[in-house]
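Student: Below are the structure tokens for one structure; questions will follow.
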Amino acid sequence: MDDTLLEVTDLKKYFPIKQGFLKRTVGHVRAVDGVNLSVKRGETFAVVGESGCGKSTTGRTILRLEEPTGGEVVFQHSELGKINVETASAKVLRRIRPEMQIIFQDPFSSLDSRMTVGRIIAEPMIINNTLSGRALRDRIAELLTVVGLRPEHASRYPHAFSGGQRQRIGIARALALNPKLIVCDEPVSALDVSVQAQVLNLLEDLQDRFDLTYLFISHDLSVVEHIADRVAVMYVGQVVEVGTTDQLFYSPKMPYTEALLSSLPTPDPRKRTRPTLLMGDVPSPANPPSGCYFHTRCPYAQDICKQEAPPLRDIGDNHLAACHFSDELQLKGASRLSEVSATLAATPQSAAAPQPGGQDSAASTASAQEATK
Amino acid sequence: MTEATISTPDAEIAGDSVISIRNLQVEFPTQLGTVSALNGVSFDVPRGRVLGIVGESGCGKSVTARAILRIVERPGRIVSGDILFKPGRRKRGGAAATKPGRAGSAAPDSANGSVEGAGEVVELTALDPTGDRIRKIRGQEISMIFQEPMTSLNPVYPVGDQIQEAILLHQTPDRAEAHKRAVEMLRRVGMPNPERIAKSYPHQLSGGMRQRAMIAMALSCTPTLLIADEPTTALDVTTEAQILELMRELQEEFGMSIMFITHSMGVVAQLCDEVVVMYLGRVVERASVDDLFHDPKHPYTVSLLRSIPRIGVNRGIPLEVIKGSVPDPYSSVSGCPFHPRCPSAMKGLCDTVLPEETTIAGKPDHTVRCHLYPGSTPAQVASSGAGE
């Protein structure tokens with residue numbers, strides 16, 4: 001059986017720029033400009049990029065929350081088989097949408113503050129007529145338990161919950177219809193760091209339990225490195241590099257990926273580095289430059305980059321990159337980030353290095369307890 | 001209150017610090033009850049260095065910054081405590097950072113001999129928040145960069161005019177001269193074509209450029225202290241790297257002190273010299289950046305460092321989490337504010353007795369507020385055996 005769950009081909013979404021009294025269209029913002037992606041069943045496929053690169057619009061257009069300007073999104077439905085989401089009729093869409101859900105970025109605006117939590121989670125099931133009455137109530141209780149909340153929370157309103165708990169409610173709602181694919185649109189970027197880890201662990205746990213496939217949209221490279229199996233990097237509406245997490249983080253083949261990785265601060269004060277700074281700003285998607293969109297900021301750019309747009313091509317082992325010089329350039333990956341001093345406290349406990357602080361604190365615990373007696 | 005009041009004689013400032021905050025308490029009386037935003041915060045901002053303030057939302061880091069400038073939002077008010085401010089920038093080797101048109105006794109500091117523009121110690125909490133004195137300090141001596149570059153610039157004035165405003169107010173009444181300095185400042189922060197940018201409106205600039213304009217505005221009067229409240233949180237990684245590099249360069253050049261508020265540990269590691277970790281309106285740990293990362297003491301600091309995904313380290317294994325979440329501000333937690341989430345909480349002690357700040361043996365600059373460390377448990381509690 002084909003293990004591709006989602007195949008995106010040449011997806012385009014242009015937003016018209018309207019001006020004047022008659023609202024004439026004077027141009028287009030090419031938010032998504034010919035994106036190709038292929039997501040395998042059971043994997044976490046991440047899309048990273050800076051703000052305005054079109055990653056969220058890609059996610060929304062895949063679910064057809066935005067009408068596409070062009071392109072195909074083929075989803076492998078469990079009963080209907082291969083369906084092109086972008087041309088599906090309303091009736092078909094209604095049948096496939098239960099299998100494609102979304103978790104939104106902002107847990108404060110994505111829950112209706114006038115509905116109880118139970119009602120929010122029940123809504124997809126009521127609309128799709130899957131459950132009612134007692135069975136519905138049991139399912140809500142089950143879902144709340146699954147995401148780490150308590151069944152009695154169903155009668156409360158969203159305002160009574162913290163950001164992390166609200167994001168759990170959003171996750172429960174997305175799980176309600178037993179989806180196959182969940183588009184996670186920056187699911188942890190609005191959360192505090194201590195809560196972010198909880199939600200990331202929950203997402204990973206749910207993936208194992210319910211055999212979910214994630215399209216994980218994020219701008220945070222360290223979160224992506226932690227959770228993703230494969231990663232696509234987007235720049236000005238286009239995918240510029242796709243590879244496994246290892247390929248992309250440790251042997252990037254596109255200068256933009258290198259620049260992104262280089263900008264990440266090393267979390268060790270003993271390893272202070274000066275990043276390879278990119279000059280200038282991201283070009284406007286309404287008026288992108290000629291040739292390779294990155295040539296205006298690329299430190300390796302040559303004449304050909306200004307004239308010809310490089311295609312996204314396979315440079316071996318299913319590692320795709322859109323650069324004329326992928327084969328020649330020796331780009332630096334993220335290995336400097338893991339080469340930190342051995343005593344760094346952030347290293348997980350399971351690591352071999354013993355914790356000097358740990359022994360210390362154990363000793364002082366003892367003395368503190370003695371002191372209390 | 002178990003809070004021990006540290007008696008600070010008037011106008012005495014610890015070591016060579018720009019700011020000494022002692023036992024600062026800020027409250028927000030609301031209809032739902034009083035929110036104690038700061039419950040006795042004490043720390044110093046060392047002169048000519050970068051102090052990082054870390055903590056999660058609601059820990060009081062922004063309120064502390066606002067209290068220094070006396071711009072705590074209504075209905076918030078400073079209930080007690082002192083904020084002592086001693087002007088003066090550390091002169092860097094060779095860099096002639098003379099401030100033109102600046103009156104004041106430039107009496108060199110006896111200890112270091114290289115402090116420029118030093119002045120009298122000012123007790124900021126005693127000033128009228130709308131008075132002349134604090135208005136002279138704002139922008140001139142202490143300036144602030146806010147988190148949102150989109151909302152903190154005035155949309156109806158060109159960027160150059162907004163930078164000029166501070167210069168006209170504090171340094172020179174000459175418009176042409178002020179304009180020249182504003183353009184120069186924009187050039188310093190790495191703006192391409194500063195003359196044109198000075199005439200542009202904020203909406204014509206990208207997020208990174210707006211933040212550079214904010215920095216130019218904050219630095220236009222070469223302040224003693226720059227408070228940066230999450231200046232890069234709203235920016236992309238590549239822009240963040242540019243801004244951090246810029247702040248590092250300018251700090252070297254001007255020798256000012258920076259109070260850098262952030263929740264990104266990576267940024268702290270790269271930029272700061274010393275770090276203050278806050279939780280629920282209290283300082284839980286203070287240390288040099290090296291100690292904080294390599295030998296953290298407070299369980300909150302340790303958990304915070306471990307819960308962040310790190311590239312190349314925790315792939316495929318679950319992240320360590322801090323259980324629960326920050327309690328809502330209306331409730332008050334007895335004992336140590338972190339005890340409900342703490343992996344090493346001791347029953348009968350941590351949930352009833354508030355630990356005091358104690359210095360780690362052998363490290364005079366490293367303090368922690370946790371019962372795990374000797375000296376943190378108040379003496380009378382320790383001796384009377386309140387634990388049983």
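Student: Per DSSP H run of n ≥ 4, the term is -39500 (n - 2.57); total these for the protein assembly as shown, divide by its residue number, and report the mean residue ellipticity at 222 nm rounded to 500 deg cm²/dmol.
Tutor: Rounded to the nearest 500, the figure is -8500 deg cm²/dmol.
Student: Using the Cβ atoms and a cut-off under 11 Å, what net charge is assigned to the surroundings of A:Gly148, where Lys and Arg are +1 and Asp and Glu are -1?
Tutor: Within the 11 Å Cβ shell, the charges total +2.
Student: Looking at chain A, identify the longest residue range that excludes and avoids all GluC sites (Glu not before Pro) in DSSP loops having at most 14 other Cβ atoms within 10 Å.
Tutor: A:80-307
Student: Here is a follow-up. Can you list the residues, at least 5 places off or on another chain, whose amide H is less than 5 Å from the amide H of A:Ile103, using H built in the peptide plane?
Tutor: A:Val183, A:Cys184, A:Asp185
Student: Could I ask something else about it? Rounded, prolate or oblate for chain B? Axes are the square roots of the Cα gyration tensor eigenvalues, ordered a ≥ b ≥ c, and the cut-off for rounded is a/c under 1.5.
Tutor: It is prolate, given that a/c is not under 1.5 and a/b is the larger ratio.
Student: Quote the charge dipole size of region A:4-228 about the Cα centre in Debye, to the nearest 20; the model charges only the Cβ of Lys and Arg (+1) and of Asp and Glu (-1).
Tutor: Here region A:4-228 has a charge dipole of around 960 debye.
Student: Within region A:4-228, what percent of beta bridges assigned by DSSP are antiparallel, to the nearest 5? Numbers along the way, then the final one.
Tutor: Details: 22 of 36 bridges.
Beta bridges within region A:4-228, antiparallel portion: roughly 60 percent.
Student: Considering only B:Leu24, B:Leu51, B:Leu168, give the residue with the highest GNM mean-square fluctuation for chain B, with springs between Cα atoms whenever their separation is below 10 Å.
Tutor: B:Leu168
Student: Residues of B:57-66, mean number of Cβ from any other protein chain within 10 Å of their own Cβ, rounded to a whole number?
Tutor: Partner-chain Cβ atoms within 10 Å, mean over residues of B:57-66: 1.
Student: Still on this structure: Is any helix in chain B, taking whole DSSP H runs, at least 15 angstrom long along its axis by alpha carbon and on average at least 0.0 on the Kyte-Doolittle scale, and which ones?
Tutor: B:159-170, B:207-219
Student: For the protein assembly as shown, what does the alpha-carbon gyration tensor say about shape, rounded, prolate or oblate, given a ≥ b ≥ c as the root eigenvalues, a/c under 1.5 as rounded, and a/b over b/c as prolate? Walk me through the numbers on the way to the answer.
Tutor: On the way: a/c = 1.77, a/b = 1.24, b/c = 1.43.
The shape class here is oblate.
Student: Output the relative contact order of region A:4-228, whole-number percent, from Cα pairs under 8 angstrom with separation of 6+ residues. Each step should come with its number before you reach the end.
Tutor: Working: 399 pairs, mean separation 54.1, N = 225.
Relative contact order for region A:4-228 comes out at 24 percent.
Student: Right, something else. To check you understand DSSP bridge types, tell me what percent of the beta bridges within the protein assembly as shown (both residues inside) are antiparallel, rounded to 5.
Tutor: 65
Student: Here is a further query. When chain B is treated as a GNM, springs tying every alpha-carbon pair under 10 Å, which of B:Ser376, B:Ser307, B:Ser62 comes out with the largest mean-square fluctuation?
Tutor: Result: B:Ser307 has the largest fluctuation of those listed.
Student: For the protein assembly as shown, with the dipole built from +1 on Lys and Arg beta-carbon atoms and -1 on Asp and Glu ones, taken about the Cα centre, which of B:Ile317, A:Leu202, B:Pro192 lies farthest toward the positive end?
Tutor: So the residue furthest toward the plus end is B:Pro192.
Student: If you don't mind, there's one more thing I want to ask. Which far-off residues, 5 or more places away or on another chain, put their amide H under 5 Å from the one on B:Tyr279, with H placed in the peptide plane?
Tutor: HN-HN under 5 Å from B:Tyr279: B:Val284.
Student: Just to be sure I understand: of the beta bridges DSSP finds with both ends in chain B, what percent are antiparallel, rounded to 5?
Tutor: 65
Student: Could you list which residues have their amide H under 5 Å from that of A:Ala46, counting only those 5 or more apart in sequence or on another chain, with H placed in the peptide plane?
Tutor: Those lying under 5 Å, H to H, from A:Ala46 are A:Phe216, A:Asp229, A:Arg230, A:Val231, A:Ala232.
Student: Please give the charge dipole size of region A:185-253, origin at the Cα centre, charges +1 on K and R Cβ atoms and -1 on D and E Cβ atoms. Round to the nearest 20 debye.
Tutor: That gives a dipole near 220 debye.
Student: Size of the dipole of the protein assembly as shown about the Cα centre, Lys and Arg at +1 and Asp and Glu at -1 on the beta carbon, nothing else charged, in debye to 20?
Tutor: 1540
Student: Got a sec to turn the phi values of region A:31-48 into Karplus ³J(HN,Hα) couplings, 6.51 cos²θ - 1.76 cosθ + 1.60 with θ = phi - 60°, whole Hz, x for Gly and Pro?
Tutor: 5, 10, 10, x, 9, 10, 9, 9, 10, 8, 4, x, 9, 10, 9, 9, 10, 10
Student: Could you count how many Lys pairs in region A:4-228 have their Cα atoms under 20 Å apart, skipping same-chain pairs fewer than 8 positions apart?
Tutor: 9
Student: Also, quick follow-up: Using each residue's phi in region A:252-269, evaluate 6.51 cos²θ - 1.76 cosθ + 1.60 at θ = phi - 60° and report the 3J(HN,Hα) Karplus result to the nearest Hz, with x for Gly and Pro.
Tutor: Once θ is set to phi - 60°, the couplings for region A:252-269 become x, 10, 10, x, 5, 4, 4, 5, 4, 5, 5, 6, 5, x, 6, x, 9, x Hz.
Student: Now for a separate question. What is the sum of charges around B:Arg135, taking Lys and Arg as +1, Asp and Glu as -1, for the other residues whose C-beta is under 14 Å from the C-beta of B:Arg135? Please report the intermediate quantities before stating the final value.
Tutor: Values: positive: B:Arg70, B:Arg133, B:Lys136, B:Arg138; negative: B:Asp128, B:Asp132, B:Glu141, B:Glu165.
Its environment carries a net charge of 0.
Student: For region B:316-382, which trypsin sites (Lys or Arg not before Pro) are in a loop by DSSP, counting at most 15 other Cβ atoms within 10 Å?
Tutor: Values: sites: B:Lys323, B:Arg341, B:Lys347, B:Arg369; in loops: B:Lys323, B:Lys347, B:Arg369.
Passing both the DSSP loop test and the Cβ count: B:Lys323, B:Lys347.
Student: Hey, what did region B:234-300 get for relative contact order, percent, Cα under 8 Å, at least 6 apart?
Tutor: The normalised contact order for region B:234-300 reaches 18 percent.
Student: So which lysines pass the test for B:Lys180, namely a Cα distance under 23 Å, with those fewer than 8 places away in the same chain ruled out?
Tutor: B:Lys99, B:Lys136, B:Lys199
Student: Continuing with the same structure: Could you tell me which residue out of A:Ile121, A:Gln307, A:Leu277 lies farthest along the dipole of chain A toward its positive end? Charges go on the beta carbon: Lys and Arg +1, Asp and Glu -1, centred on the Cα centre.
Tutor: Positive-most Cα among the choices belongs to A:Ile121.
Student: Then there's this: Within 13 Å, Cβ to Cβ, of A:Ser326, how many net charges do the neighbouring residues add up to if Lys/Arg are +1 and Asp/Glu are -1? Please list the in-between numbers first.
Tutor: Working: positive: A:Lys253, A:Arg313; negative: A:Glu241, A:Glu258, A:Asp314, A:Asp317, A:Asp327, A:Glu328.
Net charge around A:Ser326: -4.
Student: A follow-up question, please. Cα gyration tensor of region B:172-270, axes a ≥ b ≥ c as square roots of the eigenvalues: rounded (a/c below 1.5), prolate (a/b > b/c) or oblate?
Tutor: Cα axes put region B:172-270 in the oblate bin.
Student: Under a 10 Å cutoff between Cα atoms, tell me which one of A:Lys253, A:Lys180, A:Lys271 has the largest fluctuation in the Gaussian network model of chain A.
Tutor: In this elastic network of chain A, the residue with the biggest mean-square fluctuation among A:Lys253, A:Lys180, A:Lys271 is A:Lys271.
Student: For chain B, what is the relative contact order in percent, using Cα pairs closer than 8 Å and at least 6 residues apart in sequence?
Tutor: Here the relative contact order equals 18 percent.
Where a number appears in this text, it was derived from the coordinates with a stated rule and is not lab data. Nothing here was measured: the structure is a model prediction, and the numbers come from that model. Every residue, glycine as well, gets a Cβ built from its backbone with ideal geometry; the counts of neighbours run over all protein chains shown.
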